[in-house]
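Chemist: The structure under discussion is supplied below as structure tokens; questions concerning it will follow.
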Amino acid sequence: MRFALLTALLLILLGGLLHIAAGLPFGNPPVTDMDDYFIRHGQEQTGANNIVTSVVFDYRAFDTLGEATVLFTAVLGVGMMFRKLKPGEEYEND
Amino acid sequence: MKMTKIVRSTANTFAPFCLIFGLYVVVHGHLSPGGGFQGGAVMATGAALLLVAHSYQDIISLIRQNTMKLCETIGLLMFITAGLSALTTGGAFLRNWMAHNGGAFATPVAFGANPGVLASAGLIPILNIAVGIEVLGGLTVILLYMLSGVKEQEL
């Protein structure tokens, strides 16, 4: 009984969400000068055929440096969490 | 914990192909979809395959923690050094100075759809390789840290 009620509730929720999503406008992104510039000058200026890579590693390379630093810091955090205990050190349970 | 012989043999067979495919994605980052982050993740998947199939004690001699830490650090330092090298030519930090100086990675590329040349795009392949090394080292180190805490038990 509870399972059936829960399933019906979920189905109604799903239907409502799909109804809302079906009414959203989709597929008409505004055209900007930036896209045209990258597509027309990207290959000539960077020599890379992959426009995405030329944006990520050339026009916005400083952002990628930040991304690499974030990964480095994340690994550092995991290393601190999984470190070996010093002799005589106890786990903190609080 | 060791898995069965079937799983271990499959992992041994597929891990080198994983590494080669990851290397391909990294090196061709400026020509085809992919790049440093994606290719590094594929290479780390090859290491993860070996780690999961074999026991931690058996694989620690092949995939060393210190080597992977070194990989990660070298990748990030290589990225920063490549960025700083642009300053010596009078450009801004991370400027793509190698693309047009007629040197090693400076093959000009025609406009439009074409297969492209591997030795083009200047600084981009170097940055791709740096990020690939860093992601390989970082993800493998995370896996090694997590597996080192698992208690070994024989089935």
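Chemist: Look through the stretch A:5-36, keep the residues that are surrounded by 10 or more Cβ atoms within 10 Å (Cβ to Cβ) and either within 14 Å of chain B (Cβ to nearest Cβ) or at pLDDT below 85 (or both), and return whichever of them is farthest from the chain's Cα centre (by Cα).
Modeler: A:ASP36
Chemist: Also, quick follow-up: Looking at B:THR107, B:THR88, which is the one that is free of Cβ contacts under 8 Å to residues at least 12 places away in the same chain and β-branched (Val, Ile, Thr)?
Modeler: Details: B:THR107 fails: free of Cβ contacts under 8 Å to residues at least 12 places away in the same chain.
Sole residue among the options that is free of Cβ contacts under 8 Å to residues at least 12 places away in the same chain and β-branched (Val, Ile, Thr): B:THR88.
Chemist: Give B:ALA119, B:ALA106, B:ALA48, B:ALA113 a once-over and let me know the one that is not charged (D, E, K, R) and not in a loop (DSSP other than H, G, I, E, B).
Modeler: Numbers: B:ALA119 fails: not in a loop (DSSP other than H, G, I, E, B); B:ALA106 fails: not in a loop (DSSP other than H, G, I, E, B); B:ALA113 fails: not in a loop (DSSP other than H, G, I, E, B).
Criteria check complete, one pass: B:ALA48.
Chemist: OK, next. Of all the residues that make up the stretch B:80-95, how many are assigned to a helix (DSSP H, G or I), surrounded by 13 or more Cβ atoms within 10 Å (Cβ to Cβ) and either at positive phi or of a type in the set (Ser, Thr, Tyr) (or both)? Spell out how you get there, then give the answer.
Modeler: Step one: filter the stretch B:80-95 for residues assigned to a helix (DSSP H, G or I), giving B:80-85, B:87-89.
Imposing the further condition that a residue be surrounded by 13 or more Cβ atoms within 10 Å (Cβ to Cβ) reduces the set to B:80, B:82-83, B:85, B:87.
Those left that are additionally either at positive phi or of a type in the set (Ser, Thr, Tyr) (or both): B:85.
Looking only at that region, the number is 1.
Chemist: Report, by residue number, each residue of the stretch B:111-142 that is more than 24 Å from A:LEU76 (Cβ to Cβ), surrounded by 20 or more Cβ atoms within 10 Å (Cβ to Cβ) and of a type in the set (A, V, I, L, M, F, W, C).
Modeler: Residues satisfying the conditions are B:ALA121, B:LEU123, B:ILE124.
Chemist: Considering only residues that are among the β-branched types (Val, Ile, Thr) and within 9 Å of chain B (Cβ to nearest Cβ), which ones fall in the stretch A:40-94?
Modeler: Within the stretch A:40-94, the subset among the β-branched types (Val, Ile, Thr) is A:46, A:51-53, A:55-56, A:64, A:69-70, A:73, A:75, A:78.
Result: A:THR46, A:VAL52, A:THR53, A:VAL56, A:THR64, A:THR69, A:VAL75, A:VAL78.
This table checks each residue for (1) out of contact with any strand residue (DSSP E or B) (no Cβ under 7 Å at 6 or more places or on another chain); (2) among the polar types (S, T, N, Q); (3) under 25 Å from A:GLU67 (Cβ atoms); (4) modelled with pLDDT under 90.
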residue: B:ILE60; (1), (2), (3), (4): yes, no, no, yes
residue: B:THR67; (1), (2), (3), (4): yes, yes, yes, yes
residue: B:PRO115; (1), (2), (3), (4): yes, no, no, yes
residue: B:ALA130; (1), (2), (3), (4): yes, no, yes, no
residue: B:LEU139; (1), (2), (3), (4): yes, no, yes, no
residue: B:LEU147; (1), (2), (3), (4): yes, no, no, yes
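Chemist: To continue, here is another question. I'm told B:ALA48 meets every condition in (1) over 19 Å from the mean Cα position of the chain (by Cα); (2) over 17 Å from A:ALA48 (Cβ atoms) except one. Can you identify the failing condition by its number?
Modeler: (1)
Chemist: Moving on to the next point. Of everything in the stretch B:53-79 that's β-branched (Val, Ile, Thr) and surrounded by 16 or more Cβ atoms within 10 Å (Cβ to Cβ), which residue is farthest from the other protein chains (Cβ to nearest Cβ)?
Modeler: If we filter the stretch B:53-79 for residues that are β-branched (Val, Ile, Thr), which is where we start, we get B:59-60, B:63, B:67, B:73-74.
Still in the list and also surrounded by 16 or more Cβ atoms within 10 Å (Cβ to Cβ): B:59, B:63.
Working: B:ILE59: 17, B:ILE63: 15 Å.
Per the stated criteria, the residue is B:ILE59.
Chemist: Let me ask you something else. If only one of A:LEU65, A:LEU24, A:LEU18, A:LEU76 is over 30 Å from B:GLY83 (Cα atoms), without any contact (Cβ under 8 Å) to a residue 24 or more places away in the chain and either part of a helix (DSSP H, G or I) or in contact with a Lys or Arg (Cβ under 8 Å, 6 or more places away or on another chain) (or both), which one is it?
Modeler: Details: A:LEU65 fails: over 30 Å from B:GLY83 (Cα atoms); A:LEU24 fails: either part of a helix (DSSP H, G or I) or in contact with a Lys or Arg (Cβ under 8 Å, 6 or more places away or on another chain) (or both); A:LEU76 fails: over 30 Å from B:GLY83 (Cα atoms).
Of A:LEU65, A:LEU24, A:LEU18, A:LEU76, the one residue that is over 30 Å from B:GLY83 (Cα atoms), without any contact (Cβ under 8 Å) to a residue 24 or more places away in the chain and either part of a helix (DSSP H, G or I) or in contact with a Lys or Arg (Cβ under 8 Å, 6 or more places away or on another chain) (or both) is A:LEU18.
Chemist: Restricting to the stretch B:122-151, name every residue that is more than 7 Å from chain A (Cβ to nearest Cβ), within 23 Å of B:VAL42 (Cα to Cα) and either outside any helix (DSSP H, G or I) or of a type outside the set (Gly, Ala, Ser) (or both).
Modeler: B:LEU123, B:PRO125, B:ILE126, B:ILE129, B:ILE133, B:LEU136, B:LEU139, B:THR140, B:LEU143, B:LEU144, B:LEU147
The values are calculated or read from the model by the stated rules, or taken from the named source; none is laboratory data. Note that this is a predicted model, so its numbers are computed, not measured. FYI the Cβ positions are ideal-geometry reconstructions off the backbone, even for glycines, and counts take in every protein chain you see.
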